[in-house]
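For reference, the structure discussed in these notes is given below.
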Amino acid sequence: MGVTQIKTAARSVATDATDIEQTVRTILTEIEASGEEAARRYARQFDDYEGNLILTRDEIAAAADEVSPQLKDDIRYAYENIRTFAEAQKATIGDFEVELRPGLFAGQRAIPCNAAGCYVPGGRYAHIASAMMTVTTAKVAGCHHIVACSPPQKGRGIHPAIVYTADLCGADTILAMGGVQGVAAMANGLFGLPKADILVGPGNQFVAEAKRLLFGRVGIDMFAGPTDSLIIADDSADAEFVAWDLVGQAEHGYNSPVWLITDDRALAEAVIARVPALIASLPEMNGRNAEAAWRDYAEVFLCDSREDMAALSDRIAPEHLHVQARDLDWWMGRLSCYGSLFLGEETTVAFGDKASGTNHVLPTSGAARYTGGLSVHKYMKLVTWQRARAEAVLPLAEATARISRLEGMEGHARTADIRIAKYTSVAERVHEAVGGR
């Protein structure tokens, strides 16, 4: 592979992980043992919030009144795109029945989880898009009860736009609680909620660790680390677009990796030269995050060929992958490891993050090698069933008995034997009846 690294990262997500497991485990254990009292105590400690935890219809209506008509229109625009895409996803799976052999039937059913817990971040930023991505897909999947959980602000509660969005998208309950305590409340079914079957949504490292520790007792969407983004660009790309698209994703957090892979040195150098000024133009907090992410985690690679570019991208397996290069159909067919793919300068990762319709809850830290992002399918169980008529029992039982005995599982074999005994006589009676006619 012909690859030269032009900009190296001082740090990496893999080597920079902090050990927060014990802190999170302690909180989860206390909440499981003491229930609502412990959850309220942690809410006071970490959220600094004394208000109502389960929002009433009046509180939801009051929050909606604080959202401007223009923002409501924008939220509805994005929501309709996300819902339509989720409905199309759901249509790709369904129930079926197949006759494997004469009289032997098997099938599949797609059954939604009963209760979904959707975590919506609300700390540095009001993540209304996360409410749309998680609640809408759960609703389309057919979950019977959906909780939207978001951290409240001191003296104010959950950001009004998050409340409005969660309600619009179909949340049955809105829980004003953040962090590990909010995740634990959903998992344990506190405050009158049903116990969550699945927990989804982005969050900080404490939320991610809580979901990881709870996995097994409940389902989760994925193990998530800091968000990351990669751009593939050739000499046809606009350096200004590439630089802004990298900066736009770096603002997520100080440890959000961004990568540029190109076969054009002039483009690489132009982007590297342009990025600092773009970061400096951001608001202070956004700029601090982007500056640290670019300084410590960003990497730029120069490749000899587009095949080298594609191979390197697949090896990194980014959460977001944006191609700004010629022959987009080739890239679409060649690339295989990414959470979500953005083709051409006409789109950008921010479109997918906010409004275009695809889901923004995606695999990070290389997990795109083996999994995709949040979808309707994550909320659904694909279960199987079987039934058999009498004529199918003998060959099925005989094969099962022989395989079971080879494996040393005599009990399994005997459950087949008793059916052989019964259905041999049934088959003989049927044969005699047919022969007698």
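Apart from one condition, Ala416 fits all of (1) under 16 Å from the mean Cα position of the chain (by Cα); (2) surrounded by 13 or more Cβ atoms within 10 Å (Cβ to Cβ); the exception is (1). Among the residues making up region 315-350, those that are over 20 Å from Gly253 (Cβ atoms), touching a strand residue (DSSP E or B) at 6+ places or on another chain (Cβ under 8 Å) and part of a helix (DSSP H, G or I) are Leu328, Trp331, Met332.
Arg315 falls short on exactly one of the conditions (1) modelled with pLDDT under 95; (2) within 26 Å of the chain's Cα centre (by Cα), and that condition is (1). Of all residues in region 352-406, those being of a type in the set (Phe, Trp, Tyr) and farther than 25 Å from Ala208 by Cβ number 1.
Considering only residues in region 340-359 that are more than 15 Å from Phe85 (Cβ to Cβ) and touching a residue at least 24 places away in the same chain (Cβ under 8 Å), the one that is most open to solvent (accessible area, probe 1.4 Å) turns out to be Glu345.
Suppose we filter region 133-175 for residues that are among the charged types (D, E, K, R) and within 16 Å of the chain's Cα centre (by Cα); how many remain? The qualifying residues number 1. For region 39-60, the count of residues that are free of Cβ contacts under 8 Å to residues at least 60 places away in the same chain, buried (at least 17 other Cβ atoms within 10 Å of the Cβ) and in a helix (DSSP H, G or I) is at least one.
So that you can scan it fast, the table gives a plain yes or no per residue for (1) open to solvent by 20 Å² or more (accessible area, probe 1.4 Å); (2) more than 16 Å from the chain's Cα centre (by Cα); (3) not aliphatic (A, V, I, L, M):
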{"position": "Ser336", "(1), (2), (3)": "yes, yes, yes"}
{"position": "Val361", "(1), (2), (3)": "no, no, no"}
{"position": "Val376", "(1), (2), (3)": "no, no, no"}
{"position": "Lys381", "(1), (2), (3)": "yes, no, yes"}
{"position": "Thr384", "(1), (2), (3)": "yes, yes, yes"}
{"position": "Leu396", "(1), (2), (3)": "yes, yes, no"}
{"position": "Ile403", "(1), (2), (3)": "yes, yes, no"}
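Where strands (runs of 3 or more DSSP E) sit wholly within region 194-269, those with at least 2 residues that are touching a residue at least 40 places away in the same chain (Cβ under 8 Å), within 21 Å of Lys378 (Cβ to Cβ) and under 18 Å from the mean Cα position of the chain (by Cα) occupy 198-200. Per this entry, Leu246 is counted among residues that are under 30 Å from Asp73 (Cα atoms) and aliphatic (A, V, I, L, M).
Listed here are the residues, each with its yes/no results for (1) touching a Phe, Trp or Tyr at 6+ places or on another chain (Cβ under 6 Å); (2) closer than 30 Å to Tyr370 by Cβ; (3) at pLDDT below 95.
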{"site": "His252", "(1), (2), (3)": "no, yes, yes"}
{"site": "Arg265", "(1), (2), (3)": "no, no, no"}
{"site": "Glu269", "(1), (2), (3)": "no, no, no"}
{"site": "Ala280", "(1), (2), (3)": "no, no, no"}
{"site": "Ser305", "(1), (2), (3)": "no, yes, no"}
{"site": "His322", "(1), (2), (3)": "yes, yes, no"}
{"site": "Ala325", "(1), (2), (3)": "no, yes, no"}
{"site": "Leu341", "(1), (2), (3)": "no, yes, no"}
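If you go through region 302-319 and keep only what is closer than 17 Å to Leu267 by Cα, buried (at least 17 other Cβ atoms within 10 Å of the Cβ) and not charged (D, E, K, R), you end up with Leu302, Cys303, Met309. Is it true that some residue in region 168-191 is without any contact (Cβ under 8 Å) to a residue 60 or more places away in the chain, open to solvent by less than 10 Å² (accessible area, probe 1.4 Å) and more than 13 Å from Asn52 (Cα to Cα)? No, every residue in region 168-191 fails to be without any contact (Cβ under 8 Å) to a residue 60 or more places away in the chain, open to solvent by less than 10 Å² (accessible area, probe 1.4 Å) and more than 13 Å from Asn52 (Cα to Cα).
At pLDDT 95 or above, over 30 Å from Gly372 (Cβ atoms) and polar (S, T, N, Q): is that true of Thr56 in this structure? Write out each step before concluding.
Numbers: at pLDDT 95 or above: yes; over 30 Å from Gly372 (Cβ atoms): yes; polar (S, T, N, Q): yes.
Yes; evaluated as a whole, the condition is true for this residue.
Considering each residue of region 282-296 in turn, none proves to be open to solvent by 20 Å² or more (accessible area, probe 1.4 Å) and among the small types (Gly, Ala, Ser). Scanning region 156-167 for residues that are touching a residue at least 40 places away in the same chain (Cβ under 8 Å) and assigned to a loop (DSSP other than H, G, I, E, B) returns a single hit, Ile158.
All of (1) part of a helix (DSSP H, G or I); (2) out of contact with any Phe, Trp or Tyr (no Cβ under 7 Å at 6 or more places or on another chain); (3) over 22 Å from Ile279 (Cβ atoms) hold for Leu312 with one exception: (2).
All conditions in (1) part of a loop (DSSP other than H, G, I, E, B); (2) more than 27 Å from the chain's Cα centre (by Cα); (3) surrounded by 13 or more Cβ atoms within 10 Å (Cβ to Cβ); (4) among the charged types (D, E, K, R) hold for Arg11, with the sole exception of (2).
Being among the β-branched types (Val, Ile, Thr) and touching a helix residue (DSSP H, G or I) at 6+ places or on another chain (Cβ under 8 Å) is the filter here; which residues of region 150-198 pass it?
Pass one, region 150-198, residues among the β-branched types (Val, Ile, Thr): 158, 162-163, 165, 173-174, 180, 183, 198.
Residues satisfying the conditions are Ile158, Ile162, Val163, Thr165, Ile174, Val180, Val183, Ile198.
The values are calculated or read from the model by the stated rules, or taken from the named source; none is laboratory data. Given the structure is predicted, the values throughout are model-derived calculations rather than measurements. Quick reminder, even Gly has a Cβ in these numbers, built from the backbone with ideal geometry, and neighbours come from all protein chains shown. The area values use the complete protein model at the heavy-atom level, side chains included, leaving out ligands, DNA and RNA. Shrake-Rupley method; radii C 1.70, N 1.55, O 1.52, S 1.80 Å.
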